[in-house]
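Just below is one structure, and these are the notes that go with it.
Only the coordinates and a few stated rules stand behind these numbers; no lab work does. Predicted, not measured: the structure shown is a model, and the values here were computed from it. All Cβ positions, even for glycine, are placed from backbone atoms using ideal geometry, and neighbour counts span all protein chains on display.
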Amino acid sequence: MNDNTEPALLTREQLRIKLNERGYPLTASYFNKISLPSVNAGPPVAKWWGKRPLYRLNEALAWADSRCGSSPGKLTTQIPARVA
């Protein structure tokens with residue numbers, strides 16, 4: 001039941017589309033890759049529906065903005081290196 005006090009929860013694909021609409025050029029494959037628990041570089045998960053992560057748009061927008069750099073090709077937060 002949504003009493004309009006909490007923002008709607010979005011699936012990863014719904015969130016990616018909303019971020020694209022706001023100018024963040026995320027492809028489905030890249031967004032899925034950085035959102036994997038093993039990489040853990042994606043937006044914060046608000047809740048889980050079974051094994052499906054759900055997100056809040058305002059938190060994801062803050063995450064996307066925090067990844068923007070001041071010069072070409074440089075993200076402020078890099079994807080963590082994989083440990084062998």
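Note on Lys47/Ser71: beta-carbon distance plugged into 1/(1 + (r/R0)^6) with R0 of 30 Å gives a FRET efficiency of 0.25. Within 13 Å, Cβ to Cβ, of Ala28, how many net charges do the neighbouring residues add up to if Lys/Arg are +1 and Asp/Glu are -1? For residues surrounding Ala28, the net value is +2.
Calculate the spin-label point distance for Ser38 paired with Gln14, positioning each point 7 Å from the Cα along the beta-carbon direction, and give it in nanometres. Distance between label points: 2.8 nm.
Averaged over all directions, how much area does the convex hull of the C-alpha atoms of the range 9-66 cover when projected, in nm²? Don't skip to the answer; put the middle values down first.
Values: hull surface 14.4 nm².
Mean projected area of the Cα convex hull: 3.6 nm².
Here's the picture: charge each Lys and Arg Cβ at +1 and each Asp and Glu Cβ at -1 in the range 5-67, and of Tyr55, Ile17, Ile34 the one pushed furthest to the positive end of that dipole is Ile34.
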